[in-house]
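Student: The following block contains the structure, expressed as structure tokens.
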Amino acid sequence: MGGVSASAVARSSSATLVATPGVVTYVDSNAYETFTGCGYRVSTGTTIVVNTPTAISFFGGLSDASGCVDLAHNGFIGSPGTYGVQAWQVSAHGKSTLMATTSFVVN
């Protein structure tokens with residue numbers, strides 16, 4: 001990225017990313033988390049990367065015709081802590097672009 005930090009790239013993007021629920025009570029790894037937002041490239045694959053306290057998980061789906069994402073996933077919540085989340089998209093030229101970041105807490 002030519003010396004530009006990931007957080008600086010995310011701030012310059014118009015894409016948004018929200019994790020719901022924002023606070024999860026840990027019971028087991030089957031808890032669902034939903035990631036939504038707009039400002040993404042239309043009908044383009046979006047990868048959600050979750051940095052957990054013990055691992056990195058990723059999954060994805062397509063943005064819709066309006067450039068919005070609504071992706072839910074379970075099985076990655078393994079312990080209490082703060083989970084950092086990044087949304088990435090790949091351009092037609094194969095370059096990965098950080099679109100937005102967020103986080104959520106597991107108690």
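The values are calculated or read from the model by the stated rules, or taken from the named source; none is laboratory data. Computed from a prediction, not measured in an experiment: that's the story for all the values here. Using ideal geometry, Cβ is built from the backbone for each residue, glycine included, and neighbour counts are taken over all protein chains shown. Just so you know, the surface numbers come from the protein's heavy atoms only, side chains and all, with ligands and any DNA or RNA stripped out. Shrake-Rupley method; radii C 1.70, N 1.55, O 1.52, S 1.80 Å.
Student: Please work out if T101 is touching a helix residue (DSSP H, G or I) at 6+ places or on another chain (Cβ under 8 Å), open to solvent by 40 Å² or more (accessible area, probe 1.4 Å) and in a strand (DSSP E or B).
Tutor: Considered against the rule, which asks whether it is touching a helix residue (DSSP H, G or I) at 6+ places or on another chain (Cβ under 8 Å), open to solvent by 40 Å² or more (accessible area, probe 1.4 Å) and in a strand (DSSP E or B), T101 comes out as yes.
Student: Please specify each residue of the stretch 53-95 satisfying the condition of being under 17 Å from L17 (Cα atoms) and of a type in the set (S, T, N, Q).
Tutor: S57, S63, S66, T82, Q86, Q89
Student: Any idea how many residues of the stretch 6-30 are open to solvent by less than 70 Å² (accessible area, probe 1.4 Å), modelled with pLDDT under 85 and under 17 Å from the mean Cα position of the chain (by Cα)?
Tutor: The total comes to 6.
Student: I'd like the full set of residues that are at pLDDT 90 or above and open to solvent by less than 70 Å² (accessible area, probe 1.4 Å), limited to the stretch 79-91.
Tutor: G81, Y83, G84, V85, Q86, A87, W88, Q89 - these are the residues of the stretch 79-91 that are at pLDDT 90 or above and open to solvent by less than 70 Å² (accessible area, probe 1.4 Å).
Student: Pick from the stretch 44-66 the residues that are in contact with a strand residue (DSSP E or B) (Cβ under 6 Å, 6 or more places away or on another chain) and part of a loop (DSSP other than H, G, I, E, B): which of them is least open to solvent (accessible area, probe 1.4 Å)?
Tutor: Only one residue fits best here, namely S63.
Student: In addition: Could you please give the count of residues in the stretch 25-43 that are in contact with a Ser or Thr (Cβ under 6 Å, 6 or more places away or on another chain), of a type in the set (S, T, Y) and in a strand (DSSP E or B)?
Tutor: 1
Residue-by-condition table, conditions (1) surrounded by fewer than 14 Cβ atoms within 10 Å (Cβ to Cβ); (2) in a loop (DSSP other than H, G, I, E, B); (3) at pLDDT 95 or above; (4) among the acidic types (D, E):
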{"position": "V69", "(1), (2), (3), (4)": "no, no, yes, no"}
{"position": "A72", "(1), (2), (3), (4)": "yes, no, no, no"}
{"position": "I77", "(1), (2), (3), (4)": "no, yes, no, no"}
{"position": "H93", "(1), (2), (3), (4)": "yes, yes, no, no"}
